[in-house]
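This report concerns only the one structure given below.
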């Protein structure tokens, strides 16, 4: 067995410590039981370190339309394609899977290509935790374990399973401790709550606005309007505000993911507003924080739809494109260059370039609790090239890294104004509302297949569907078969599917709010009918 190598898991921002040893044949995962914050515990995703390093689907050669070619041929093609495009016809997009230093290189590449079309392609709702309300204190690990009044918004336990331990230890540490959960789904996390406030799908931020209004009447928030629109009773909100106000130690945590919230920015900022008014620290539980580019994703989507982009570079580690099924506008792009650590499951047009995984790179990063230094657990897979090598070959010169703003400050007055102007799509009687759920934290489909759909028994009766029966769900963007899982965890009129699986994600569409420019993938209407087994 080779020497044990230690690093910080890069697959979310909890900052878990992980170790790897190589026995000459394969990599062995080692659990570092004496080191915080995880003390040897890892989520399903963190447990995949050794799987990723030597997985048989690792990409080792550039692909052109699904066929292997040499790096020399790949760079020759890129040069040829560039010669046929003007700068405004080129777009550079980056997603998660990149170190901060690599994002600076990507920004520098866009400048070298003289294009303004530089966009962040990580549009998961949790990325809106990049926005911070002025005056809010960031929570530390001690705040979680020492909390006596904890408010969780969304399914924090599924987003960051390792963080569940200190939260639950705090919940049971003292008989006066209280745990409040606000969510539209009755998840396993809700089962631990002293007070569970179940809101209408996607309206968590309205419940939070109401709590903030009770904590600080000077905000002049219409509390009754908020509670009515979110489908809850005012006494529950008053009880939550009282718990937070009366406890000297507490914290507020929030999570959000695809297909679950209508407006992720408000979901995030309103949770911070409650923390601010309750004088409690806050943390947003997220897998990554990827900074904005020069243009927003909504603008990029519009440019693609209008056929203005002829060539696109898409940098990210885990998938060739972050949203391959939900971005049909990509078909308008003539020349495509993407990076990946895995061989795509389907043939993708254009070039796909192999890059090292996050476990094979070093660099400094910011976790939810501290700044950390990541060390490579293994040498990069043969045939891969680092982002800086690719960028310099594309530009034909040395790239000057450009800095970026990681977190965007927002004033309370701005939030109140934006939230006051917000609208929620009316839920008419046609079809069913499909929401996303983090059933497991998977990597590239290594874990749960996510082929079940959660249905309330009352809805199942209307559909004539029994537990375990096969149904077909069809949205305006896609269609897929699922096996029914009857449960009262989902409210009548709504259903949930796992959103780690790309085929499931394809059911949800990318939406752009015309007023705010916010890009999200909200709940969607679907038709459901019983299918053949």
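Principal axis extents of the Cα atoms in the stretch 127-284, from largest to smallest and rounded to whole angstrom, are 36, 33, 30. Taking only the C-alpha atoms of the chain, Rg followed by Dmax gives 23.2, 69 Å. By how many degrees, between 0 and 90 and to the nearest 10, does the Cα long axis of helix 164-173 differ from the longest principal axis of the chain? Once rounded, one gets 20 degrees.
Exposure proxy ranking for 392, 514, based on other Cβ atoms within 10 angstrom of each Cβ and starting from the fewest, stands as 514, 392.
Using the count of nearby Cβ atoms within 10 Å as a rough guide to exposure, how do 361, 294, 104 rank from fewest to most?
Values: 361 23, 294 16, 104 19.
Placing the least packed residue first, the sequence is 294, 104, 361.
When the alpha carbon coordinates of the stretch 115-164 are projected onto the principal axes, the ranges are 50, 28, 16 Å, largest first.
Once C-alpha pairs closer than 8 Å and six or more residues apart are averaged by separation and normalised to the residue number of the chain, the relative contact order reads 20 percent.
Counting every pair of alpha carbons in the stretch 432-530, the share spaced more than 20 Å apart comes to 36 percent. Can you give the angle from 0 to 90° between the axis of helix 264-277 and the longest principal axis of the chain, with both taken from C-alpha atoms, to the nearest 10? Compared with the principal axis, the helix lies near 50 degrees. Counting only DSSP beta bridges whose two residues both lie in the chain, roughly 45 percent are antiparallel.
Each of the peptides 458-466, 202-210, 431-439 was scored by the mean count of other Cβ atoms within 10 Å over its residues; in descending order, highest first, they stand as 202-210, 431-439, 458-466. Sorting 149-155, 374-380, 4-10, 268-274 by their mean Cβ neighbour count within 10 Å, with the most densely packed peptide first, gives 268-274, 149-155, 4-10, 374-380.
Protection proxy ranking, highest mean first, for peptides 481-493, 90-102, 58-70: 90-102, 481-493, 58-70, where packing is the per-residue count of other beta-carbon atoms within 10 Å, averaged. Here the convex hull built on the C-alpha positions of the stretch 5-53 has a volume of 64 cubic angstrom per residue.
Bear in mind that the values in this text are calculations on the coordinates, not laboratory data. Computed from a prediction, not measured in an experiment: that's the story for all the values here. Glycine gets a Cβ as well: all are built from the backbone with ideal geometry, and neighbour counts include every protein chain shown.
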